[in-house]
Ligand SMILES: Nc1ncnc2c1ncn2[C@@H]1O[C@H](COP(=O)(O)OP(=O)(O)OP(=O)(O)O)[C@@H](O)[C@H]1O
Ligand SMILES: [Mg+2]
C-alpha cells in the first residue's frame, strides 16, 4: 500500500530504526455507565475484582431491569496518546482510572461503551487489537521457580511468531532484559513466600516484560508502580518511557507519582468521578491551577497538590469538582503549551498522523518491530490469532510447567508423604487380614478408606491450580496460546507424579493388608489407584476453575467427596439406596474404584470367608457355648438336607460380592469409567475456561 504524501517517510535503508512510525490512539467522548445492582442480585460478587477471576466481568444489569438507577463511571472523556509519549491517567481512588484503561484496551464490551477509540483514525477490531496491544495486570503472576531469563524466554516462545528463528527470539529476550534493567538478576528465580527470589520492583519489571516481549504498539498498564518504593517506581517508569520511545503508545494509571516521576511523564489525564479535570503536560499543571485561582505553591509536588485539590472539591458541595471540569474544558481550547518545542512537535505529529493504520503497522514491522505475529508487511489484516501451532504451544507449556515443578520437589514430597503415611497407617491397622466374617468387614472398611484417600490427597493441588489459573487468564487474555493447549499440557504434566504416588500407595498397602490374587491382582490394584488419582486430580482441576477462592474450593471438595463416599455403596448398599438418590450413586466417583477393588479381592468364587459356626458371628447365637452352636449348625444342615460340619464353607467370595451389591458393573469397566471421569472433568475444565475467560466488562 502506498504511503500518503503528507506523511514523513523515514529512510528504512539506513539500517537504524530511528524515527518511530507515528501512532495516535485517540478516544472521543467515552462514556460508560452501569446500572446499580438491586439487593440480592446473585451469588457472584457484583464489583469486578482487581484479581483476574472469572467473575471479573460480571457486573451486568438484569436486562429486564430497565429503570434501575445507573452510575456513570466514565462521562464524555476525550483525548489522545501518541507513540513516544507516556500518558498517565491519574485521579483519586474510584475516579475511573482502571475503567478508562479497560475502555481503551477493549476490555469493555462494545455494546456498553459509548464513544470512539481509534488508532490512526481507524477503529480497532478485537483481533488486531489483541495482536498489537498488551495489557499489564497489577498483579505479578509468574511461575515462582523459573528464573527471570526463563520466564521471558517462555513468554517469547508464546508470543513471538514462529517464523522468527530461535536465535532471534533469544536475542529479543536478551535485549528485553537489558531494556528492563534486569541484566544482573537474569538468572535469579522469581521466588515466592517460601523461596527467596528477585525483589518486588524487579518482579514487576519481569511481569511487564512478559507482556511486552512481542513489542506491542499499544501498551496499557494498570498501576505499574503501586506497592513499589520510590526508587523502584522510578525505574519502572523509566523503562516504560524507553518502551514508548521505541515506538509504542504507552498508557498507564498511576497513584501519587513522585516529583521525579512526574517529570518523566509526557501527558497527564486527571479524572474525577469519570470526568476529565485536567488534560495536558505536567508543566501545564501550574498555569492551569493558577488560572483556576488555586495556584500550586512552589515547594509542592504538583501532582499531589492537584490530587488533593480535586479531592477537596469533590467533597465540598454536592458537586464541587464540576467547576474544575468546566474550567478544564474551556482551558483546553487555547491549548496553552508552555514549551515552544512542544508546539512544534505537535505540528509535526499532526502531519504524521494521517498515515493509515495498516501502513503504519507494516512500516513499524519493517522497522524491526516484532509485533503482529508476522514479518510480512501486507499481512496485517490476515494476522493469525495465535503465534504458534498447537503442538508447539503444548510443548512449551509442558516444558515450562515441568521446569517449575522440578524445582519445587517439596510439593511432590509432601503429597508422597501424605499418601505414604496414610498407607502406613492403613497397613498397620489392617495388618494381614484373615478370611473370616470379621476379615471381610475389615476389608470393606479398608477399601472404602483407601479409595477415598486418593481423592482427598488430590485436594492438595487446589491452591496450585487456583494460582496457575491467574497466570493462565493473564496469558490467554492476549492470545498467548490456545485454551485447549493449556488443558492438554496441564493434564500431561500432572500425570507422572500420579504414577509415583499410586505405586507408593499400592506397594505399602497391598501386601501388608494381605490382599488376594498375587501379581495380576496387584497390577489391577495399582491401575485402579492410578485411575482414581487421575479422576481425582481432574475433579480438583475442574473445581479450581469453577470456584473463585481456595478456601471455598476446599469446602466444596471436602463436602462433595463426603457425598461421593456416602453414596459409594460402602455405607449403604446400592440395592438399599432410595430410587430418587440412585443417580447420585452412579455419579459418585468413589463408587467405581471401590467396586473394582472389591471385585478384585473377592472374585475368587472358591475362596471361603466363613466356615461352619463362624456364620453365627454377629448374631445372638455367637454368645452361646460351642456345643450349642454345633447343634444349631447340624439342625440347619438337617433342615437343608446337607451335612454341615465346622469346616463347611458357608460364605464364599461370590457371596460377599452379591451381599454388597457391587456386581452391576465389572471391574475392568469400573476402571474404564474411572479413567473416563478423569477425561470428562478435564473436558469440563476446558469448557469452563472457554466460557469464563472472555475477560471483558459488560
Ligand atoms: N460494576 C460496577 N458497578 C458499580 N460501580 C462500579 C462497577 N465497576 C466499577 N464501579 C465503580 O466505578 C468507579 C471507578 O472504578 P475504577 O476501578 O475505574 O477506579 P480507579 O480510579 O481505578 O480506582 P483505584 O485507584 O482505587 O484503582 C468506582 O467508584 C467503582 O466503585
Ligand atoms: Mg484502579
Inset, instruction - Please specify each residue of the stretch 91-113 satisfying the condition of being at pLDDT below 90, more than 24 Å from the chain's Cα centre (by Cα) and either part of a strand (DSSP E or B) or on the phi < 0 side of the Ramachandran plot (or both). - result: 92, 93, 110, 111, 112, 113
Inset, instruction - Might you let me know whether the stretch 59-76 holds any residue that is within 16 Å of ligand 2 (Cβ to nearest atom), within 32 Å of the chain's Cα centre (by Cα), modelled with pLDDT of 90 or more and closer than 26 Å to residue 276 by Cβ? - result: yes
Legend entry - Residue within the stretch 591-603 that is buried (at least 21 other Cβ atoms within 10 Å of the Cβ), over 23 Å from residue 514 (Cβ atoms) and out of contact with any strand residue (DSSP E or B) (no Cβ under 7 Å at 6 or more places or on another chain) present: yes
Legend entry - Residues satisfying the stated conditions in the stretch 218-235, i.e. surrounded by 24 or more Cβ atoms within 10 Å (Cβ to Cβ) and farther than 26 Å from residue 361 by Cβ: 225
Inset, instruction - For residues that are touching a residue at least 60 places away in the same chain (Cβ under 8 Å) and in a helix (DSSP H, G or I), scanning just the stretch 114-147, find the one that is nearest to ligand 1 (Cβ to nearest atom). - result: 129
Inset, instruction - Look through the stretch 87-113, keep the residues that are within 8 Å of ligand 1 (Cβ to nearest atom) and within 18 Å of residue 216 (Cα to Cα), and return whichever of them is surrounded by the fewest Cβ atoms within 10 Å (Cβ to Cβ). - result: 101
Inset, instruction - Go through the stretch 649-687 and count every residue that is part of a helix (DSSP H, G or I), touching a residue at least 60 places away in the same chain (Cβ under 8 Å) and surrounded by 17 or more Cβ atoms within 10 Å (Cβ to Cβ). - result: 15
Legend entry - Candidate set: the stretch 368-408, residues that are under 30 Å from residue 465 (Cβ atoms) and not in a helix (DSSP H, G or I); chosen: the one modelled with the lowest pLDDT: 384
Inset, instruction - Answer yes or no: is there a residue in the stretch 414-422 that is over 17 Å from residue 504 (Cα atoms) and either part of a helix (DSSP H, G or I) or not assigned by TED's automatic domain parsing to the domain that holds residue 659 (or both). - result: no
Inset, instruction - Having 2 or more residues that are touching a residue at least 24 places away in the same chain (Cβ under 8 Å) is the bar; report the helices (runs of 4 or more DSSP H) wholly within the stretch 544-606 that clear it. - result: 550-566, 591-602
Legend entry - Scan of the stretch 513-525 for residues that are assigned to a helix (DSSP H, G or I) and more than 12 Å from residue 596 (Cβ to Cβ), ordered by number: 513, 518, 519, 520, 522, 523
Legend entry - Test result for residue 630, farther than 23 Å from residue 678 by Cβ and buried (at least 19 other Cβ atoms within 10 Å of the Cβ): no
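The values are calculated or read from the model by the stated rules, or taken from the named source; none is laboratory data. Bear in mind the structure is a predicted one, so any value in this text is a computation, not a measurement. So basically every Cβ, Gly included, is an ideal-geometry build from the backbone, and we count neighbours across all protein chains shown.
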